[in-house]
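Asks: Handing you a structure now.
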Amino acid sequence: MAKKRAFITGITGQDGSYLAELLLAKGYTVYGLIRRSSNDPLVRLPQRVRKDITYLYGNLRDSASLRRALEVARPDEIYNLAAQSDVGVSFKIPEETFEINYHGLGRLIHEAVAINPKVRIYQASTSEMYGSTKPPQNERSPFNPVSPYGEAKLRAHEDYVVGYRDRYGLFICSGILFNHESPRRGEHFVTRKITQSLAKIKLGLQKQLELGNLDAKRDWGFAGDYVEAMWRMLQQKKPVDYVISTGETHTVREFLAAAAKALGMTLTFTGKGLRETAMDEKGRVLVKINKNFYRPREVHSLRGDSRKARKELGWDPQVSFDELVTMMALADFERVRREQK
Ligand code: F7E
């Protein structure tokens, strides 16, 4: 049988790198869309995987570039992981966020279907679409996004995933993924920001860490587990949308305390709101609140109910919250220590 061909947008990100590894291990030929840039776009991809991927230049703002890349890749499966994925930043660049996260999907579908009407498409949808909906959130919960990011992703889901599937019978589905993290997570997301800064503090390279809202609750899973669910969705007989989550929720404060513990530090929290601080055993203030890291509107509490995926896809998260935090904290500690030498 001919090898299956997969096309991944966003291959240079955390999820793209884990998904590429998974698909290569399953015997796929993997094509990755990358933007032309002066920095090395492949930094997050482990060396052993880099050489097995065919990179094609293009981006979601440019239909002609997508067409050219897709004509080379001729994929059986497309995973649309490229996005302006920073929720806080989306308040500052709402048009650009819509351009990529909404119109980008439209362009990708039009070009892909013109080449192969039977192509299977996975769309990276998100728990941010739930916004102010109270937890637990599942496939039947109402969507109430509170950020330009959440709104753009919701419109893409409703117009292109649900809309095109119903109207044109395309094989396209959304994975509604709750937060998923790893040592490869981008450094501006709160989990990596915490583990990287604590590693530097522990090694005497940084004095303090500044954060925003510590009360926000997130359902954090391991990205390596979540890409398995993406693949399973495209192997189903019919395209169906699924919530992918652990079902457990923790505050940012809990993540911070657990990461400190993994590095042998005990944090004591005092004060409230903007005056809250976290001190170490010696009374040194390691964490302060900076109002600039608060968002104009916040998603206060997310906890996904992924029973449908567990039942129909046979998918289960393998890494617990404590294992995830420890994995990230130790990976950053080792990396910072290595780079220091
Ligand atoms: O924020 C709070 C912040 O930026 C988590 C993206 O992958 O997951 C991610 O979106 C929480 C928020 O992720 C800081 O206010 C406090 O409540 O790590 P985050 P996110 O916004 O949940 C979803 C599923 C996606 O789809 C997105 O693409 O942490 N927080 N202090 C902070 N957040 C950041 N970034 N930095 C802080 O200093």
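Asks: Given 20 Å bins starting at zero, what is the percent of C-alpha pairs of the chain in each, up to the one with the largest pair distance?
Replies: Pairs per bin, as whole percents: 30, 58, 12, 0.
Asks: Still on this structure, I have one more. Please get the size of the charge dipole for the chain, origin at its Cα centre, with Cβ charges of +1 on Lys and Arg and -1 on Asp and Glu, quoted in debye to the nearest 20.
Replies: On the way: 55 positive and 41 negative charges, 100 e Å.
Using only the charged Cβ atoms, the result is roughly 480 debye.
Asks: Let me ask another. Can you pull out the trypsin sites (Lys or Arg not before Pro) in the stretch 74-142 that DSSP calls coil and that have at most 16 other Cβ atoms within 10 Å?
Replies: When the trypsin sites (Lys or Arg not before Pro) of the stretch 74-142 are filtered for loop state and at most 16 Cβ neighbours within 10 Å, K92, K118, R140 remain.
Asks: Sticking with this one: Loop only by DSSP, 15 or fewer other Cβ within 10 Å of the Cβ. Give me the trypsin sites (Lys or Arg not before Pro) in the stretch 189-249 that pass, ordered by residue number. If you can, show how the numbers build up before the last one.
Replies: On the way: sites: R192, K193, K200, K202, K207, K217, R218, R232, K237; in loops: K207, K237.
For trypsin sites (Lys or Arg not before Pro) across the stretch 189-249 that sit outside H, G, I, E and B with at most 15 neighbouring Cβ atoms in 10 Å, the list reads K207, K237.
Asks: Considering only protein heavy atoms, what per residue accessible area in square angstrom results for the stretch 193-306 with a 1.4 angstrom probe? Intermediate values should be presented prior to the final figure.
Replies: Working: 5320 Å² over 114 residues.
On a per-residue basis, 47 Å².
Asks: Going through the cross-link list K153/K291; K282/K341; K118/K237, which pairs have a Cα-Cα distance over 22 Å in this structure? Walk me through the intermediate numbers first.
Replies: On the way: K153/K291 26 Å; K282/K341 27 Å; K118/K237 13 Å.
Long pairs (Cα-Cα over 22 Å): K153/K291; K282/K341.
Asks: Please enumerate, by chain and number, the aspartates and glutamates with C-alpha under 16 Å from the C-alpha of K193, excluding those fewer than 8 residues away in the same chain.
Replies: Within reach: D86, E181, E210, E254, D332, E334.
Asks: From largest to smallest, what semi-axes in whole angstrom does the stretch 125-192 give when each is the square root of 5 times an eigenvalue of its alpha carbon gyration tensor?
Replies: Numbers: eigenvalues 115, 47, 25 Å².
With the √(5λ) rule applied to the stretch 125-192, the semi-axes are 24, 15, 11 Å.
Asks: What number, in percent, do you get for the relative contact order of the stretch 109-230 if the mean sequence gap of Cα pairs under 8 Å and at least 6 apart is divided by its residue count?
Replies: Details: 125 pairs, mean separation 30.3, N = 122.
It rounds to 25 percent for the stretch 109-230.
Asks: Using alpha-carbon pairs under 8 Å, 6+ residues apart, how would you state the relative contact order of the stretch 1-47 in percent? Walk me through the numbers before you get to the answer.
Replies: On the way: 55 pairs, mean separation 21.2, N = 47.
Relative contact order of the stretch 1-47: 45 percent.
Asks: Can you tell me the dipole magnitude for the stretch 82-135 around its Cα centre, using point charges on the Cβ only (Lys, Arg +1; Asp, Glu -1), in Debye to the nearest 20? Numbers along the way, then the final one.
Replies: Values: 5 positive and 6 negative charges, 62 e Å.
Dipole size: approximately 300 debye.
Asks: What value, in deg cm²/dmol to 500, does the helix sum -39500 (n - 2.57) over DSSP H runs of n ≥ 4 give at 222 nm once divided by the residues of the chain?
Replies: Details: 13 runs with 123 residues, N = 341.
The per-residue figure over the chain is -10500 deg cm²/dmol.
Asks: Then there is this: Of all the Cα-Cα pairs you can form in the stretch 159-215, what percent are over 13 Å apart?
Replies: 70
Asks: Follow-up. Would you grab the residues whose amide H sits under 5 Å from the one on V243? Only those 5+ places off in sequence or on another chain, please, with H modelled 1.01 Å from N.
Replies: Correct list: E139, I176, A309.
Asks: Applying the Karplus parametrisation 6.51 cos²θ - 1.76 cosθ + 1.60 with θ = phi - 60° to the phi angles of the stretch 133-138, what ³J(HN,Hα) value in whole Hz is obtained for each residue in order, glycine and proline being reported as x?
Replies: Running phi through 6.51 cos²θ - 1.76 cosθ + 1.60 with θ = phi - 60° gives 5, 5, x, x, 10, 9 Hz.
Asks: Regarding the stretch 175-309, what whole-number volume in Å³ per residue does the convex hull of its Cα atoms give?
Replies: In the stretch 175-309, the Cα convex hull volume per residue is 116 Å³.
Asks: Under the Kirkwood approximation applied to all pairs of distinct alpha-carbon atoms, what is the hydrodynamic radius of the stretch 213-289 in Å? Numbers along the way, then the final one.
Replies: Numbers: mean 1/r = 0.0659 Å⁻¹.
Taking the inverse mean of 1/r over all distinct Cα pairs, the stretch 213-289 comes out at 15.2 Å.
Asks: Same structure, new question: Find the all-direction average of the projected area of the Cα convex hull for the stretch 1-139, expressing the result in square nanometres with one decimal place. Mind showing how you got there, number by number?
Replies: Numbers: hull surface 40.1 nm².
Average of the hull's projected areas for the stretch 1-139 equals 10.0 nm².
Asks: For the stretch 111-230, compute the orientation-averaged projected area of the C-alpha convex hull (one quarter of its surface), in nm².
Replies: Numbers: hull surface 39.2 nm².
For the Cα atoms of the stretch 111-230, the hull's average projected area reads 9.8 nm².
Asks: Rounded to a whole number, what is D in µm²/s for the stretch 83-174 from Stokes-Einstein with the Kirkwood radius over alpha-carbon pairs (37 °C, 0.692 mPa s)?
Replies: Details: Rh = 13.6 Å.
D = 241 µm²/s.
Asks: Hey, what's the Kirkwood Rh for the stretch 258-341 if you take every pair of different alpha carbons, in angstrom?
Replies: Values: mean 1/r = 0.0609 Å⁻¹.
Computed over the stretch 258-341, the radius equals 16.4 Å.
The values are calculated or read from the model by the stated rules, or taken from the named source; none is laboratory data. Remember, predicted model here, so these are calculated numbers, not experimental data. Glycine also receives a Cβ, built like all others from the backbone with ideal geometry; neighbour counts cover every protein chain displayed. Ligands, DNA and RNA are stripped out before the accessible areas are found, and what is left, the full protein with its side chains, is counted by its heavy atoms. Shrake-Rupley method; radii C 1.70, N 1.55, O 1.52, S 1.80 Å.
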